[in-house]
């Protein structure tokens, strides 16, 4: 019984260390800001309407009409990016608990890369549809 209590204390201690880590704080803050910008862009420019939107533009052929979708399907990009961010943060924490800091930092940087890629995709969708 006392072994279970000490294991819970260790997990809480490592969670506290993880959250207080400056690298984690900056990476998570940057990911949060980029993700917030994605939502702001989508909510401002892609509004509910009967007019379909385009999700893809081909440089050689122009508008790709195979990707004409309803307005709400554009919101799948930030939802998927948020899902991947949560997975990366959870995996980074599990590596941090095992004292594998390098893998934890790489996963956090991967989360930023995913958010920036989603931002670029949303900017492209907004530019195509305005």
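FYI, it's all coordinate maths here, none of it is from the lab. It should be emphasised that the depicted structure is a prediction, and the values quoted were computed from it without experimental measurement. Here the Cβ is made from the backbone with ideal geometry for all residues, glycine too, and neighbour counts use every protein chain on show.
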Discussion item. I need the P(r) histogram for the chain: all alpha carbon pairs, bin width 10 Å from 0 out to the longest distance, whole percents.
Written reply: 12, 33, 24, 17, 10, 4, 1
Discussion item. If each residue of separation counts as 0.36 nm, what is the full-extension length gain between residue 116 and residue 20 once their alpha-carbon separation is subtracted?
Written reply: 32.1 nm
Worksheet item: Can you give the FRET efficiency for residue 33 and residue 103, using 1/(1 + (r/R0)^6), R0 = 25 Å, r = Cβ-Cβ distance, to the nearest 0.05?
Response: 0.55
Worksheet item: How much mean residue ellipticity at 222 nm does the chain get from its helices, if each DSSP H run of length 4 or more adds -39500 (n - 2.57) and you divide by all residues, to the nearest 500 deg cm²/dmol?
Response: -25000 deg cm²/dmol
Practice prompt. Find how much the distance from residue 128 to residue 71 grows on full extension, using 0.36 nm per residue of separation minus their present alpha carbon separation; answer in nm with one decimal.
Written response: 19.2 nm
Worksheet item: Say R0 is 22 Å: what FRET efficiency, to the nearest 0.05, do residue 58 and residue 83 get from their beta-carbon distance?
Response: 0.20
Worksheet item: So how tilted is helix 22-45 from the main axis of the chain? Cα-based, degrees 0 to 90, rounded to 10.
Response: 20 degrees
